[in-house]
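First comes the structure, then the notes that go with it.
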Amino acid sequence: AQIPVITIDGPTASGKGTLAAGVAQALGYHTLDSGSLYRVTALAARRAQVAADDEAGLAAVARGLHLQFEGTNVILDGVDVTERLRDEAVGAMASQISVWPQVRAALFDLQCGFRQLPGLVADGRDMGTVIFPQAGLKVFLTATPAARAERRHKQLISKGIPASLDSLRADLEARDARDKNRSTAPLKPAQDALLLDNSLLGIEASVQQVIAWWNARL
Ligand code: C5P
């Protein structure tokens, strides 16, 4: 039998990571935060001074990454960069470099390798459409731009990082547009995905919904 996979795709700040972690914990599954791979590629490229429009150079950086994963922490060249990866600047560069097909191809095998027993919950933009098209359950998570900007704002403020709600909303709408309109692996629901709008739903209720869908499929 195939190793079970649940995919959770959706736009920036829709709560994919939190939902994926909750579902994985409830089921005892592994997680793949695929956005962190685009982010760590962006960080490594910046350090190597490879430009965001140098597709072949970026793909070489992606193929040459020395990564380790410790729980949800990402170790690059022996240094824990988990916090650095959350920087808005790193996220913005990740969004720019992820438009390149060669970069996406370079990260393909790495992502497939996360599929390990007893199962995987993978979150991103193309988990259900490109990386794990055979997944047993595909969720497409949405929330209004206002709800997402509000969440990101709270997160930053709670970490003591000053942020403007308006500019966060403008940023995430720009990133949504880029993710949806790129020609390779655009952000869109898989044709067999179930839609979950969590604008008004708490994390616990969202996890319960996904678990209920999963149990209905078993
Ligand atoms: O989800 P996160 O904000 O960490 O992702 C950072 C960027 O990486 C996104 O804006 C998106 O452009 C890109 N990404 C992607 N495909 C994925 C995950 C992330 O293109 N599966």
_Using each residue's phi in segment 69-79, evaluate 6.51 cos²θ - 1.76 cosθ + 1.60 at θ = phi - 60° and report the 3J(HN,Hα) Karplus result to the nearest Hz, with x for Gly and Pro._
10, 10, x, 9, 8, 10, 10, 10, 6, x, 10
*asked:* Taking every DSSP beta bridge with both residues inside the chain, roughly what % is antiparallel (nearest 5)?
replied: 25 percent
*With helices defined as uninterrupted DSSP H runs, which ones in the chain have an alpha carbon span along their own long axis of at least 15 Å and mean Kyte-Doolittle hydropathy of at least 0.5?*
16-27
*Compare the peptides 121-132, 54-65 by average per-residue count of other Cβ atoms within 10 angstrom and give them in order, highest first.*
121-132, 54-65
*Tell me what the chain gives for mean residue ellipticity at 222 nm when only DSSP H runs of n ≥ 4 count, each as -39,500 (n - 2.57), the sum divided by the residue total, rounded to 500 deg cm²/dmol.*
-14500 deg cm²/dmol
*Can you work out the FRET efficiency for the pair ILE161 and ALA205, with r the C-beta to C-beta distance and R0 = 25 Å, to the nearest 0.05?*
0.35
*So how much slack lies between THR72 and GLN134, counting 0.36 nm per residue of separation and subtracting their Cα-Cα distance, in nm?*
19.9 nm
*Contour minus end-to-end for GLU173 and ARG86, with contour as 0.36 nm per residue of separation and end-to-end as the Cα-Cα distance?*
29.5 nm
*So for segment 91-142, what percent of the C-alpha to C-alpha distances run longer than 12 Å?*
69 percent
*Would you calculate the volume per residue, in Å³, of the smallest convex hull containing every Cα atom of segment 128-209?*
117 Å³
_What would the Debye equation give as log₁₀ I(q)/I(0) for the chain at q = 0.10 Å⁻¹, counting only Cα atoms as equal point scatterers?_
-0.42
*Top mean-square fluctuation among ALA193, ALA149, ALA89, Gaussian network model of the chain, C-alpha springs under 10 Å?*
ALA89
*Sum up the lysine pairs in segment 5-210 that clear both bars: alpha-carbon distance under 21 Å and a spacing of 8 or more or different chains.*
8
*If amide H atoms are built 1.01 Å from N in the plane of the peptide, which residues on other chains or at least 5 residues away come under 5 Å of the amide H of ILE8?*
ALA122, ASP123, GLY124, VAL139
*Measuring from label point to label point, each 7 Å out along Cα→Cβ, what is the ALA146 to GLN2 span in nm?*
4.0 nm
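Readers should treat all values here as calculations from the given coordinates under stated rules, not as data from a laboratory. All of these numbers come straight from a predicted model, not from anything done at the bench. Positions of Cβ are backbone-derived with ideal geometry, glycine not excepted, and every protein chain shown enters the neighbour counts.
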